[in-house]
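Enquirer: One structure, pasted below without further comment.
The values are calculated or read from the model by the stated rules, or taken from the named source; none is laboratory data. Not measured: the values here are computed from a predicted model. No Cβ is skipped: glycine too gets one built from the backbone with ideal geometry, and neighbour counts run over all protein chains shown. SASA here: full protein model, heavy atoms, side chains in, ligands and nucleic acids out. Shrake-Rupley method; radii C 1.70, N 1.55, O 1.52, S 1.80 Å.
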Amino acid sequence: SVHESLYFNPMLTNGVVHANVFGVRDWVTPHKMALLVLLSELGRAGAQLGLLERRRLNRLLLPLLQGPDMALSRLRKAIEECCPHLAGSVHIRLKLMAEGELKDMEQFFDDLSDSFSGTEPEVHKTSVVGLFLRHMILAYNKLSFSQVYKLYTALQQYFQKDEKKDGTDENEMELTNPEELDGKMEKEELDGPLREEEIACSGPLSQKQAEYFLSQQASLLKNDETKALAPASLQKELNNLLKFNPDFAEAHYLSYLNSLRVQDVFSSTHSLLHYFDRLILTGAESKSNGDEGYGRSLRYAALNLAALHCRFGHYQQAELALQEAIRIAQESNDHVCLQHCLSWLYILEQKIFDSCVLLEHSVNKSLHFGLPYLASLGIQSLVQQRAFAGKAANKLMDALKDSDLLHWKHSLSELIDISIAQKTAIWRLYGRSTMALQQAQTLLSMNSLEAVNVGVQQNNTESFAVVLCHLAELHAEQGYFAAASEILKHLKERFPPNSQHAQLWMLFDQKIQFERAMNDGRYHVADSLVAGITALNSIEGVYRKAIVLKAQNQMSEAHKLLQKLLIHCQKIKNTEMVIRVLLSTAELYWRSSCHTIALPVLLQALALAREYSLQYLASETVLNLAFSQLILGIPEQALNILHMAIEPVLAHGAVLDKGCAMFLVAKCQVASAASYPPQKKIEALESAILNLNEAKTYFAKVDCKEQLRDVLYFQARLFHSLGRTQERNKCAMLFRQLHQELPAHGVPLINAFK
């Protein structure tokens, strides 16, 4: 192509051709000549330009000077938006040059030097525009005659391509409605991040353009992945860069980040190793760090490789790489690298056994060596571990408060987000949904401390993904399914399926759909969702498969699955899931009329929930115990313990759990009223009907038809006992409608808590 033949001078070294792309920092292209014409016309216009137009043009110039080459039509549109008459002047000047002779181009470059002459020059030599002009003049003066001729030919092709496009657009305009055309124009964002077609047609990038492109894409991958190029397109452009300069280390690192987006183990490892190889070969590290440069690159290469293997679950390879990093860091007496190694060592050890000693040592050493980022991450990990170990919430929040002081002191905005997300998750674990909601809203209403480009979504980090997922689940639990769907829709836009945090919302989306299908009695739909949940989280998938089997009355299969899951969860110390499995096992025993066997299982679950401070699960277990006592014929005792457990459920529980709790209270009231005198019995039954009405409201909110059917059946029986025929007939009619829609599966209606 014109670009390659004109601007790349291959050098033959030891029989190998090396394209030394970045020997010259910048070179002249037709696009840059168009920018030079724009700057020249801007200087000529002078005072004729209004303040607003000049301000718009100044804002436009920087991305144009730094960005890749673009088509002339796109450049004209960008200038027209700022100053229409200046766009016309630029087009006429380029036309005269392209349709004129070679000497016109020569004269144009000779005239550029006049911008710096005089006592008050139009452009200062050290300004951004001044440096650009000087680079272009210098690059043009270095060209041979044949290269100048090729440049002139390229300019003609550049202009003619735009003319042809204009002719095509005019023909299309005659066949297109003006309204549709306006709509197309509005969609084009001229100052946004680079689009695929822009880079594809721009040709090879200069060193400055390449650096700008890499820094922009790296920033977008960190702050707003949706605005970055698609993984395949970005990799194509990086391969194009590396084709001309294989030793460009930063391009290899961006390739590594890009491969991580799509979970490509081979490519990410390959790019990471090449990055550190090139870093050593180019001598960049040795220049800045003296003799320590090579060793520093080697130890951080080993550390990054360990982190990469750990991310993909290759713990044995990660441990070997980490040992290598520790050995080199100890030889070089690099305490900072050793602290990073210690943090990763804790993460690896955590996969095998719980080790607080390493973590506490890491936090103390990080504070000693002035590494607040590492110290804070250590505190966060320690809090997470203590939360799973059942420590009191107030102590954990005090520890997080201390880490927050570090964050605000050092303006560590990313860690502030992580801390708030951690608090949200801890409150959810302890069953305090109101507090979790408050923390989630706090994070979402915060502004980032990091400066990001206009148009880039702030804080597209894992913390925000976690908080939004919790928010969606909280709304779904309260029956606000439309709001939950809106939150999930926002998550899908903010974290596309190919992004690294997409698995979070995918799992929550599947779980919410599963719960809705179970509430609605569509077990076949719930069963089809189990495969998707299992792919994202195997433990959740197995648990929900057991729930579906239980609902379909396949008791023996459900029991086998729950027992296997119980053993596995006890082994990995997943206490929350252990308690849920025990509660589901107890329900299986009720359904099989083994009520006495369910009691020790429930007591074991209650002991675990209280030991690990899981208040909500403890309350749910007490409700199950109350139901067992009701079945065993001691409703008075069941009512007594219900008063102890119902308050947390009504304050923080899901709507379905609230409905089940009120339904259970009504059942206990009716069972207790059997021994009451007539007047007191009527009062008890009236109170039970009110509780059933409340339960019915809760069940209707989550569209739980099976539970609604049971409540209507119970209400009809109570109205019949009280002689209220009209209300009884109404409940009976509604019950019949639901019963026909959802036929019973041979299980007595009263023989289930949920």
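Enquirer: If you average the alpha carbon positions of region 612-657 and of region 304-342, how far apart do those two centres end up, in angstrom?
Expert: Spelled out, the Cα-based centre of one part sits 49 Å from the other.
Enquirer: Could you sort the peptides 670-681, 713-724 by per-residue average Cβ neighbour count (10 Å cutoff), highest mean leading?
Expert: 713-724, 670-681
Enquirer: OK, next. Want the number for ILE567 to LYS236: 0.36 nm per residue separation, take away the alpha-carbon distance, what's left?
Expert: In short, 114.3 nm is gained.
Enquirer: Based on the Cβ-Cβ distance of ARG311 and GLN157, what FRET efficiency does E = 1/(1 + (r/R0)^6) give at R0 = 56 Å, to the nearest 0.05?
Expert: 0.75
Enquirer: A further question follows. Between LEU62 and SER332, what is the spin-label point distance in nm, taking each point 7 Å from the Cα along the Cα→C-beta axis?
Expert: My value for the distance between the label points is 3.5 nm.
Enquirer: Quick check: the distance between the Cα centres of region 44-95 and region 218-244, to the nearest angstrom?
Expert: If we compute the Cα centre of each part, the gap is 28 Å.
Enquirer: Any chance you could run the full-extension gain for GLN503 through THR725? It's 0.36 nm times the residue separation minus the Cα-Cα distance, nm to one decimal.
Expert: This chain segment gains 74.5 nm when fully extended.
Enquirer: Let me ask another. If r is the Cβ-Cβ distance from SER485 to PHE388 and R0 is 41 Å, what FRET efficiency results, to the nearest 0.05?
Expert: 0.85
Enquirer: Less than 17 Å apart at the alpha-carbon level, and either on another chain or at least 8 residues along: which lysines does that give for LYS511?
Expert: LYS489, LYS492, LYS545
Enquirer: Want the number for MET733 to LYS222: 0.36 nm per residue separation, take away the alpha-carbon distance, what's left?
Expert: Taking 0.36 nm per residue and subtracting the Cα distance, the gain is 178.1 nm.
Enquirer: Rounded to the nearest Å, what's the spacing between the alpha carbon centres of region 254-281 and region 531-578? Just the number, please.
Expert: Here the two parts' Cα centres lie 38 Å apart.
Enquirer: Is the shape of region 72-163 rounded, prolate or oblate, going by the alpha carbon gyration tensor and its root eigenvalues a ≥ b ≥ c, with a/c under 1.5 for rounded and a/b larger than b/c for prolate?
Expert: Oblate.
Enquirer: Is the shape of region 341-437 rounded, prolate or oblate, going by the alpha carbon gyration tensor and its root eigenvalues a ≥ b ≥ c, with a/c under 1.5 for rounded and a/b larger than b/c for prolate?
Expert: oblate
Enquirer: Using the Karplus equation 6.51 cos²θ - 1.76 cosθ + 1.60 (θ = phi - 60°), what ³J(HN,Hα) coupling, rounded to whole Hz, does each residue of region 251-256 give in order, writing x for Gly and Pro?
Expert: Using θ = phi - 60°, the values come out as 5, 5, 5, 5, 4, 4 Hz.
Enquirer: Would you list ARG432, ARG76 from the most to the least accessible area, probe 1.4 Å?
Expert: Per-residue accessible area, sorted high to low, gives ARG432, ARG76.
Enquirer: Let me ask something additional. If r is the Cβ-Cβ distance from LEU650 to ARG717 and R0 is 25 Å, what FRET efficiency results, to the nearest 0.05?
Expert: So the FRET efficiency works out to roughly 0.50.
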